[in-house]
Structure formats: C-alpha cells, structure tokens
Amino acid sequence: MKDVVAVTGIPGLHKIIGQNKTGLVLESLADGKKFASTIRQRVSILADIAIYTEEGEAKLAQVFQNIEALEAEGKTAPDHKADNDAFRAYMALALPDYDRERVYPSDMKKLFVWYHLLKGKMDFAASSESAEGTEEDAASALAKKTKQNVVKKSNTAKKSSAKTSSKAAGKSQTNVPRKMS
C-alpha cells in the first residue's frame, strides 16, 4: 500500500512507478495509463490514510483486511451505487467502533470503491503488516522530495527577483508621453 496513491482531482487509485523533477510518475490502476503528477496536486499514500475511531484511528490496510474477512464469510461490500444506509451498515460490521460523527458516507463510499479496485490485486494482510514498518519511511521520503522542490522554487524565485530588481535599478524611468500620429 506504500506504492498506491490517491491524487486530488484525478479519480481512482494510482501506482507510483517513478519520480521526475516536478513530481511523481504514476500509473492508473483502472486503465494502466501513465502520467506525471505536478507539485500542485496533493498526493495521498494509502498506507498513511486512516479511519477515525472512538479511541483514535484505524489504518486503511486494517479496514481493508476486515472487509476481506467479511467477504470471505459471504457478506459482500457495497458498490458505489449503494445508498448511505448500506454504507453505514457495512461500515459498522467492518469497523464497529468507527466515529459516526467524523466519518461521512462520502468517505465510506470512497473506501469501498478503493477496496473493489484493489481486491485481487493486493494482499491486504501483508499490506497491513508491512505498512507499520514502512509508513514512516514513505512519508519522510515524500516530505523530503517536496521540501527539495520547494527549496528549488524559492531559490529560483530569489534569483529571478534579484535580476529584475537589478535591471530596474539600472534603468531610469521617464514619463514621456507617446507620440500620437
């Protein structure tokens, strides 16, 4: 789950396949199309996402594992066309102590859509175990990359503003009207 991300403004889930100067190179899990993300797009790593509970938070991998166990018992997870009551009822089975005030039906819908997209492509039990050890590494690497890009942009902006201020200091402005013909 550390290589699977959700990008704001782009539906579905995507796998990280590389990096470039301005962001990440991603591949859509739905149709396999590859594209590059930009710095302005917010990228959320699935291993870092958690669901609010009454006592704290439950990692997404653990919730997916609970849903997989329920499906093994014959209780199918709702699809994206289900109503809000169906989402709430199934969520109460998958995560009985979820915070009913802070977890909205739209969040549940996204959770179940993601589950159906990842089902069969990922082992949720292995993801849950490996996410605990690697979530800090992935988050720190992404934060470091973002910080490097911000520093590069600020240095470029400083150089650019220094050039324009030196040009402006060298030229004297005159208020001569244009000739009309």
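What follows is calculated from the coordinates using simple rules that are stated; it is not laboratory data. Since we're looking at a predicted model, the values are computed, not measured. Glycine gets a Cβ as well: all are built from the backbone with ideal geometry, and neighbour counts include every protein chain shown.
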Does region 19-84 come out rounded, prolate or oblate by the C-alpha gyration tensor, with a ≥ b ≥ c the root eigenvalues, rounded set by a/c under 1.5 and, if not, prolate when a/b is larger than b/c and oblate if not? prolate
On a 21 Å Cα-Cα criterion, which of the cross-link pairs LYS15/LYS59; LYS33/LYS109; LYS21/LYS110; LYS34/LYS59 come out too long? LYS33/LYS109; LYS21/LYS110; LYS34/LYS59
Over region 50-128, what per residue volume does the convex hull of the Cα atoms give, in whole Å³? 82 Å³
Starting from the 7 Å offset along Cα-to-Cβ, what nm value, one decimal, do you get for the label separation of ALA89 and LYS121? 2.9 nm
Do any GluC sites (Glu not before Pro) in region 32-74 lie in a loop, going by DSSP, with at most 15 other beta-carbon atoms within 10 Å of their beta carbon, and if so which? GLU54, GLU55, GLU73
Output needed for region 1-48: three equivalent-ellipsoid semi-axes, defined as square roots of 5 times the C-alpha gyration tensor eigenvalues, in descending order, whole Å. 14, 12, 11
Which trypsin sites (Lys or Arg not before Pro) does region 9-53 hold that lie in a coil by DSSP with at most 13 other beta carbons within 10 Å? LYS21, LYS33, ARG40, ARG42
